[in-house]
Every structure is written in C-alpha cells, then in structure tokens.
1. Kindly check whether there is at least one residue in segment A:39-55 that is more than 10 Å from chain B (Cβ to nearest Cβ), of a type in the set (Gly, Ala, Ser) and surrounded by fewer than 17 Cβ atoms within 10 Å (Cβ to Cβ).
2. Among the residues of segment B:141-159, which ones are over 19 Å from residue B:93 (Cβ atoms), within 9 Å of chain A (Cβ to nearest Cβ) and charged (D, E, K, R)?
3. Within segment B:50-59, is even one residue in contact (Cβ under 8 Å) with a residue 60 or more places away in the chain and within 13 Å of chain A (Cβ to nearest Cβ)?
4. Check A:3, A:29, A:33 and return the single one that is over 20 Å from residue B:146 (Cβ atoms), surrounded by 18 or more Cβ atoms within 10 Å (Cβ to Cβ) and more than 7 Å from chain B (Cβ to nearest Cβ).
5. Is it the case, given these coordinates, that residue B:184 is at the interface with another protein chain (Cβ under 10 Å from one of its Cβ atoms) and either in a helix (DSSP H, G or I) or modelled with pLDDT of 95 or more (or both)?
6. Kindly check whether there is at least one residue in segment B:43-54 that is of a type in the set (Ser, Thr, Tyr), outside the structural domain of residue B:146 (by TED's automatic domain parsing) and either surrounded by 19 or more Cβ atoms within 10 Å (Cβ to Cβ) or in a helix (DSSP H, G or I) (or both).
7. Looking only at segment B:191-207, decide whether some residue is of a type in the set (A, V, I, L, M), more than 15 Å from residue A:48 (Cβ to Cβ) and either within 12 Å of chain A (Cβ to nearest Cβ) or crowded, with 23+ Cβ neighbours inside 10 Å (or both).
Amino acid sequence: MTCSEFLALLDDMIDVPELRADLQDHLDCCEHCEVTLNTTRKTIEIYRSHQIYDMPPSLRERLHAAIMARCRKGC
Amino acid sequence: MATIQPIAGMNEQHPDVALVDRVRGGDVSAYDELVRKYERQVFRIAQHITQNREDAQDVVQDAFLKAYEKLDQFQGNSKFYTWLVRIAVNESLMRLRRRRTGKMVSIDEDVETEEGSVPRDLADWALDPEQEYSRAELNRILRKTIKGLPPGFRVVFELRDIQGLSTEDTAEALSLSVPAVKSRLLRARLQLRERLTRYFRRKKGVEK
C-alpha cells in the first residue's frame with residue numbers, strides 16, 4: 001500500500017478504533033502516515049473540546065426571547 | 001456537548017417530528033423547545049460562514065423566524081434540523097454577500113486551496129497543546145486557523161466533525177453531493193492539521 005492510497009482512506013479511519021490489517025501494516029512501517037493520522041485525529045479532538053464560537057448565556061437568552069416574542073405575534 | 005442524534009431505527013420517529021406537529025397545531029411552546037435545542041448550533045454555522053458576530057446573531061434570529069413562517073413547507077421526509085441548517089446557510093450567505101457588496105458567494109464552489117490535500121508538514125505535535133497554551137490562546141489559534149479555510153470547508157467540518165451529522169445529512173443540508181461532502185471534509189481536516197502543526201509541532205530535541 002502506498003501513502004497516497006492510505007491517505008485516500010483517511011476519513012474512513014478517523015472514527016474507527018481498530019484498523020483493517022493492511023492499513024495497520026502500512027502504519028507500522030510508515031511514520032509519516034502514522035503522524036498524519038494521529039495529528040488529524042488530534043485536530044478534530046481539539047476543535048471538539050474548544051467551542052470557539054459558543055454563544056454567551058446572556059446573548060443566548062436575549063436572542064431566544066426576541067425570536068419567541070416575534071413568533072408569538074405571528075412573526 | 002450537544003450533538004445531533006441519528007434516528008435509531010427506520011421506523012422510529014425522530015423526537016423533532018412530534019414537536020413540529022405541536023407547533024403546526026398552534027403550540028408555540030413546542031417551537032420554544034426547538035429553538036433552545038438548536039440555537040447554539042445554528043449560531044456556530046452562521047459564525048463559520050459570515051465570520052462576523054453581529055451577522056451571526058441576525059442569522060440565528062432570521063433563520064428561526066423564517067423556519068417558523070415556512071413550517072407548512074417542511075416535508076417530514078427530511079429532518080427538521082437538516083431543513084433548518086439549509087435555511088441558516090442561505091441566510092448566512094445572503095449576509096456575506098451584503099458585506100461583500102453583492103459579490104456571489106456560494107457554498108458549493110469547489111475551491112482549490114494552496115495546500116491541496118497532500119500533507120507537507122509531517123512534524124508530530126508536542127505532547128499536549130493544552131499545556132503549552134492558555135485556553136484563550138488556543139481559542140485564538142483555532143479561530144485564526146479555521147478562518148483561513150473556504151466557507152464551504154468550514155461548514156462541512158463543523159457539521160460533520162463538531163456537530164456529528166452524517167455525511168448524507170450534511171449533503172442534504174448543504175445541497176451538495178455525498179462525494180463533494182467527503183472531498184471537502186478530507187481537505188478541511190488535512191488543511192486544519194497542516195496549519196495547526198505550525199503552532200503545535202514538537203520542538204527539536206524534546207523527547208516523546
């Protein structure tokens with residue numbers, strides 16, 4: 001298996017804890033692909049654990065109240 | 001973190017269907033529940049596309065009001081959230097166009113970016129970026145990094161990887177094909193990884 005073939009399957013591997021045997025064989029002998037897979041997983045994890053665009057509760061309440069007030073009036 | 005739950009079985013009804021039915025029957029409190037359930041996710045989508053906080057707030061308001069007005073047009077064969085995302089994406093693109101004085105902005109443009117999808121920077125990361133940077137610094141880095149991606153990549157990454165939508169639902173929400181979603185997601189992930197490596201790479205001489 002080449003690195004390009006491995007990378008083409010990267011998305012399918014991201015959420016799979018146990019890799020197919022041929023993919024694992026490639027990883028065992030290719031540090032580049034191992035680093036790419038691990039750091040791509042970390043990229044997703046770090047974005048998941050940091051809600052970079054979270055709404056502050058005060059804004060959420062204000063927006064929520066404004067939406068519901070308009071809906072109750074029939075928009 | 002709230003993620004969008006997939007439907008458990010083919011015959012099992014998504015809980016939103018009952019809420020939508022109640023709203024159609026005149027129960028506004030059911031819509032209140034739907035707004036509470038999805039307002040933060042819609043805000044994040046709007047922020048990813050517009051990159052402007054005021055615009056994102058307006059999008060949340062307009063998207064929920066429009067969805068309420070058009071609820072009769074909602075077909076039960078798609079999920080309420082997928083339908084809502086489609087409205088929010090269109091509202092976001094309209095805001096973005098206004099800021100860019102009418103220049104066409106589309107989510108389905110397949111943008112060739114300078115990085116492509118071949119990893120170049122193969123350095124491993126420092127053991128824990130959370131220890132190297134404060135939370136505020138990390139947030140700044142993450143915002144700056146994702147801002148460099150095209151809007152279509154950002155929103156696919158948000159829907160698939162952060163909110164946990166399926167590839168099919170993401171494709172439906174964005175009016176894209178399934179292969180287009182897959183291609184954007186792969187490139188978004190690899191480009192974010194490449195850009196973050198500039199910050200998080202293990203310093204030379206530091207042991208594993």
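The values are calculated or read from the model by the stated rules, or taken from the named source; none is laboratory data. Note that the structure is predicted; figures quoted are calculated from it, not measured. Quick reminder, even Gly has a Cβ in these numbers, built from the backbone with ideal geometry, and neighbours come from all protein chains shown.
1. Our first condition is that a residue be more than 10 Å from chain B (Cβ to nearest Cβ); within segment A:39-55, this holds for none.
Looking for residues that are more than 10 Å from chain B (Cβ to nearest Cβ), of a type in the set (Gly, Ala, Ser) and surrounded by fewer than 17 Cβ atoms within 10 Å (Cβ to Cβ), one finds none in segment A:39-55, hence no.
2. B:143
3. Step one: of segment B:50-59, the residues in contact (Cβ under 8 Å) with a residue 60 or more places away in the chain are B:51.
Checking which are within 13 Å of chain A (Cβ to nearest Cβ) leaves us with B:51.
Yes; the residues of segment B:50-59 include at least one that is in contact (Cβ under 8 Å) with a residue 60 or more places away in the chain and within 13 Å of chain A (Cβ to nearest Cβ).
4. On the way: A:3 fails: surrounded by 18 or more Cβ atoms within 10 Å (Cβ to Cβ); A:29 fails: surrounded by 18 or more Cβ atoms within 10 Å (Cβ to Cβ).
Exactly one residue qualifies, and that residue is A:33.
5. Criteria not met by residue B:184.
6. As a first pass, look at segment B:43-54 and keep what is of a type in the set (Ser, Thr, Tyr): B:50.
Add one more test, that the residue is outside the structural domain of residue B:146 (by TED's automatic domain parsing), and what stays is B:50.
So of that shortlist, the ones also either surrounded by 19 or more Cβ atoms within 10 Å (Cβ to Cβ) or in a helix (DSSP H, G or I) (or both) come out as B:50.
Yes, segment B:43-54 contains at least one residue that is of a type in the set (Ser, Thr, Tyr), outside the structural domain of residue B:146 (by TED's automatic domain parsing) and either surrounded by 19 or more Cβ atoms within 10 Å (Cβ to Cβ) or in a helix (DSSP H, G or I) (or both).
7. Applying the first criterion (of a type in the set (A, V, I, L, M)) to segment B:191-207 yields B:192, B:196, B:206.
Add one more test, that the residue is more than 15 Å from residue A:48 (Cβ to Cβ), and what stays is B:206.
Filter once more, keeping what is either within 12 Å of chain A (Cβ to nearest Cβ) or crowded, with 23+ Cβ neighbours inside 10 Å (or both): none.
Looking through segment B:191-207, none of the residues is of a type in the set (A, V, I, L, M), more than 15 Å from residue A:48 (Cβ to Cβ) and either within 12 Å of chain A (Cβ to nearest Cβ) or crowded, with 23+ Cβ neighbours inside 10 Å (or both).
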